[in-house]
Every structure is written in C-alpha cells, then in structure tokens.
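A.B. asks: One structure, as structure tokens, below. Some questions next.
The values are calculated or read from the model by the stated rules, or taken from the named source; none is laboratory data. In this text, all values refer to a predicted model and were calculated from it rather than measured experimentally. Neighbour counts are summed over all protein chains in view; Cβ atoms, including those assigned to glycine, are modelled from backbone coordinates with ideal geometry. Just so you know, the surface numbers come from the protein's heavy atoms only, side chains and all, with ligands and any DNA or RNA stripped out. Shrake-Rupley method; radii C 1.70, N 1.55, O 1.52, S 1.80 Å.
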Amino acid sequence: MARIFRDYADISLGEEELCGKIDFEKIFGRKGAVHVEIGSGRGTFLVNEATSFGELNFLGIEWARRYYRYTVDRLGRWGLTNVRVIRTEAAGFIAEYVGDGTVACYHIYFPDPWPKKRHHKRRFFNDENLGQLLRSLSAGGIIKLATDHADYFEQMEAVVGRRGDELERVDFMATAGVSAGEWVGTNFEKKYRKEERAIYTLAVKKIK
Ligand SMILES: C[S@@+](CC[C@H](N)C(=O)[O-])C[C@H]1O[C@@H](n2cnc3c(N)ncnc32)[C@H](O)[C@@H]1O
C-alpha cells in the first residue's frame, strides 16, 4: 500500500507564497544565518543539521515530488521550526528568488552525475550556476560539495578553479549526526559507501 505523506504547512514552502526575492526572516519567522541544501533527497542532512544547529535556518530544494513529500512529512514529525522545503528546480529558483548576499552556506551532496557526455550540460554544478551561488552567498559564505563521481568531481574542481580569485579552498567539515567515516551521512552516501565507492568532497569560501 502506498505510504501517505502528511503536509506540514510550517515546513512546506510553496512558490505561490513568494513574491520577488525571498525575505528569509519572514519565511522562518526570525533572524538567522540561512543554509540551503540543493537536492535534499529524503531529508537526512536537513534533519541532522536542523536538530543540531537550532540557531540556523535551513531551506531544502528538491524537485522530485515523492522525495519532497517524504521530507516534509519527516521534518514535520520531528517538530522542527528552523527548516523549510520547497519543491522546485534549484537553478531557476535561486536565480529568481534568492537575493544577493542572503545565504551563508550551500550544501550540494551527491547531485545527479548525468554520466553520459551528451547529458553533462544537465549537471547542476556548472559555471552559470556557480555564478548564481556566489551572487547569493554572503561574504565569507561557504559552498560544500560531495560526490562519488570522479568525472563530475573533476568538473566541480574546474568550475571552482575558474572563479579562483573569488574563492578560497577550506576544509570540508563533516556534517552533524554522521556515522564514523562519513562526510554527510545522506542516503546516497550510505548507499555508495556500502558499494565501497570513493567519495570526493570540496568546500570553498567566498572571499570577495
Ligand atoms: C542523487 S540524489 C541525492 C539526494 C541527497 N542529497 C543525498 O545525498 O542522499 C539527487 C537529488 O537531487 C534532486 N535534484 C536534482 N537536480 C535538481 C535540481 N536542479 N533542483 C532540485 N533538485 C534537484 C533529485 O531529485 C534528487 O533527489
């Protein structure tokens, strides 16, 4: 029998609620540094971080309806008040709705690798999207990336390298609630670790 996911109005964020650039203070009902996860999947990172860092505000962006509904239900059951999730396509959403210098950290964990060469243009982490991430990051803001895909990781390094004068490499700190040896503890990291795949991580800080 199909599982019924419950909606929690304080967690789900509809694009129809937005008008122009997001007022994060309004959507979270308080001030606080904003962390955005792109492709939040089943919401494991959001649950772990939002419960561990109550002073931060988290926004998950997920375009797959089932994952989105699963995550809203999961976060709602936890009774969290510092996390929202929106079902939308991240690149267009950030360009249209996320204001300059309003995000403290972007988390991008195991983005779809689109392994076939003719599909590489569909990869999220490209020059254009990095431009949008940098525009919307606050000074000193961080971008954290993790992937199991060596070729996509090379692309990430190259994309970051082309904006090298605006970015500084920093240590990738493991996220909250991870098991020993894990970086982010998401469902995809757990799956790939079981398959003994290498995991690549990268973290950069906006310096200007
Ligand atoms: C391979 S899964 C990884 C999920 C999660 N981050 C994890 O590590 O378990 C990639 C996720 O990103 C979502 N996604 C891919 N491209 C997206 C985009 N452009 N905007 C929003 N979500 C996206 C997919 O629907 C999927 O849930």
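A.B. asks: If one computes the Cα centroid of the range 86-162 and of the range 170-208, what distance in Å separates the two points?
C.D. replies: That distance is 16 Å.
A.B. asks: What Kirkwood Rh does the range 12-206 have if only Cα atoms enter the pairwise 1/r average? Answer in Å. Kindly include the intermediate steps, with their values, before the conclusion.
C.D. replies: Numbers: mean 1/r = 0.0590 Å⁻¹.
Here the Kirkwood hydrodynamic radius works out to 16.9 Å.
A.B. asks: DSSP beta bridges in the chain, what fraction antiparallel, as a percent rounded to 5?
C.D. replies: Of the beta bridges lying entirely in the chain, close to 30 percent run antiparallel.
A.B. asks: Hey, with R₀ at 41 Å, roughly what FRET efficiency would residue 2 and residue 176 work out to, going by the Cβ-Cβ distance, to 0.05? Each step should come with its number before you reach the end.
C.D. replies: Details: r = 31 Å, r/R0 = 0.77.
Step by step, r from the Cβ atoms, then E = 0.85.
A.B. asks: Would the range 53-128 count as rounded, prolate or oblate if I go by the C-alpha gyration tensor, calling it rounded below 1.5 in a/c and otherwise prolate when a/b exceeds b/c, oblate otherwise?
C.D. replies: Oblate is the answer for the range 53-128, as a/c is 1.5 or above yet b/c matches or exceeds a/b.
A.B. asks: What figure in square angstrom, to the nearest 10, would you give for the accessible area of residue 128 with a 1.4 Å probe?
C.D. replies: Roll a 1.4 Å probe over it and residue 128 shows about 140 Å².
A.B. asks: Pull out the extension gain between residue 10 and residue 157, defined as 0.36 nm times the separation in residues minus the alpha carbon to alpha carbon distance; nm, one decimal.
C.D. replies: 49.2 nm
A.B. asks: If you don't mind, there's one more thing I want to ask. Leaving out ligands and nucleic acids, note down the accessible area per residue over the chain with a 1.4 angstrom probe, in whole Å².
C.D. replies: 51 Å²
A.B. asks: Taking the Cβ of residue 47 as the centre, find all other residues whose Cβ is under 12 Å away and add up their charges (Lys, Arg: +1; Asp, Glu: -1). Kindly include the intermediate steps, with their values, before the conclusion.
C.D. replies: On the way: positive: 42, 74, 77; negative: 37, 49, 73.
Combined, the nearby Lys, Arg, Asp and Glu give 0.
A.B. asks: Within straight cross-link reach of residue 117, meaning Cα distance under 25 Å, which lysines are found once same-chain residues fewer than 8 apart are removed?
C.D. replies: Answer for residue 117, where 25 Å is the Cα cut-off: 144, 191, listed by chain and number.
A.B. asks: Then there is this: Expressed as a rounded percentage, what relative contact order does the chain have, with Cα pairs under 8 Å and six or more residues apart?
C.D. replies: 22 percent
A.B. asks: Points 7 angstrom from Cα along the Cβ direction at residue 166 and residue 53: gap in nanometres?
C.D. replies: Roughly 2.2 nm, to one decimal.
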